[in-house]
Amino acid sequence: MLKEGKPAPAGAPPATRPPSRWAVKLQEIKANKHSYVLLAPYMLLFGLFTVLPVAMSLLISFTYFNMLEFPRFIGWQNYSRLFLEDDIFLIAIKNTLLFAAITGPLSYIACFVFAWIINDMRPKVRAFMTLVFYAPSISGNVYFIWQMIFSGDRYGIANGFLIRWGFILEPVQWLKTEIYILAIIILVQLWLSLGTGFLAFIAGLQTVDKTLYEAGAVDGIKNRWQELWYITLPSMKPQLMFGAVIQLTTSFAVADVSIYLAGFPSVNYAAETIVTHLMDFGTIRFEMGFASAIATVLFALMVGTNLIVQRLLRKVGE
């Protein structure tokens, strides 16, 4: 080892500095250049149609922009107006959080439980049951079916059943009465929730290595619940994470079911959500700065909730 102040002996190799961080990154890119070339089209599209719109929405939220004049910077006025002056937005936040708190966890658990049960069936039966459970999420006539069920006259299925059995004497205006609207929409949203997340769980269960169950039995796992917690769930963490993101995003972005069943706007805004409020200001009033502020709040709620869920899912199997 050379001491400080003494020159290096003749013939000794010169001291070399460790490569910089950017040099290491550049070497990694060169070594995996084919992978980056294949990823480039997706990253380009993702940047143009996801990252850029989100960034533009964040910037526009600090402006007054009516799509006719050039955006004018107004600072935090849109946000102060949103939380301090817009009473309907507060109703929308309450309804959206209620939707997310009920439909998010329930639909997530239901998707996994049904996928877990169906996965043990014979292949043909499993394929048929998967189609049965997935069909409502892609069907175009689901709202018409629920409108028939909760029709406000005597010919509605719910009213006809209740009148026939003597529970009520007059038809109930299910979709025009505040106390019923939100519960009905939550029910319909739960029925529609067996979609992409359900398919992800089915795929994840199919990829679990069967030999792990044999090894677990040797290590002392005694029943199906222990198999589920210590083997099945840890083996499909990517699918669990994907399903959580899909279900939470769907629960926060509720709009169509509210519009089709309760109208736009609904009675006394009983079914107003953040997305319907956003549509009101963005596509009807064309207050794009204010609409962008609503979108930014919704984006922050989604990101925050997904981060919490990611932390919880890391503890699976511990």
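Taken together, the values in this text are just the output of simple stated rules run on the coordinates, not laboratory data. Just so we're clear, the structure is a prediction, and the values are computed from it rather than from any experiment. Please note: Cβ atoms are built from the backbone with ideal geometry, for glycine as well, and neighbour counts cover all protein chains shown.
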For this session: Scan region 73-130 for chymotrypsin sites (Phe, Trp or Tyr not before Pro) in coil per DSSP, keeping those whose Cβ has at most 15 other Cβ atoms within 10 Å, and list them by number.
Result: 76
Exercise. Please state the relative contact order of region 183-318 as a whole percent: Cα pairs under 8 Å, 6+ residues apart?
Worked result: 27 percent
Seminar exercise, completed: What helix-only [θ] at 222 nm does the chain give? Using -39500 (n - 2.57) per DSSP H run of at least 4, over all residues, to the nearest 500, the answer is -20000 deg cm²/dmol
Exercise. Hey, which lysines would be in cross-link range of residue 237, C-alpha to C-alpha under 18 Å, not counting anything within fewer than 8 residues on its own chain?
Worked result: 210, 315
Exercise. Among (i) 19.7, 60; (ii) 27.4, 107; (iii) 18.6, 58, which is the computed Rg and Dmax of the Cα atoms in Å?
Worked result: (ii)
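Taking the Cα centre of the chain as origin, work out the dipole magnitude from +1 charges on Lys and Arg Cβ and -1 charges on Asp and Glu Cβ, in debye rounded to 20.
Details: 24 positive and 19 negative charges, 273 e Å.
Dipole size: approximately 1320 debye.
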Seminar exercise, completed: Residues meeting the amide H criterion for residue 63 (H placed from the backbone, H to H distance under 5 Å, 5 or more places apart or on another chain) are 74
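Pairs of Cα atoms under 8 Å, at least six residues apart: use those to get the relative contact order of the chain, whole percent.
Details: 319 pairs, mean separation 82.3, N = 318.
Answer for the chain is 26 percent.
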Exercise. Farthest toward the dipole's positive end in the chain, which of 132, 60, 208, given Cβ charges of +1 (Lys, Arg) and -1 (Asp, Glu) about the Cα centre?
Worked result: 208
Problem set entry | aspartates and glutamates with Cα under 12 Å of residue 222, excluding same-chain neighbours fewer than 8 positions away | 214
Exercise. Most fluctuating residue of 25, 222, 124 in a GNM of the chain with Cα springs under 10 Å: which is it?
Worked result: 25
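Compute the signed sum of charges (Lys and Arg +1, Asp and Glu -1) over the other residues within less than 12 Å, Cβ to Cβ, of residue 89. Kindly include the intermediate steps, with their values, before the conclusion.
On the way: positive: 81, 94; negative: 85, 86, 87, 272, 280.
Result for the local shell: -3.
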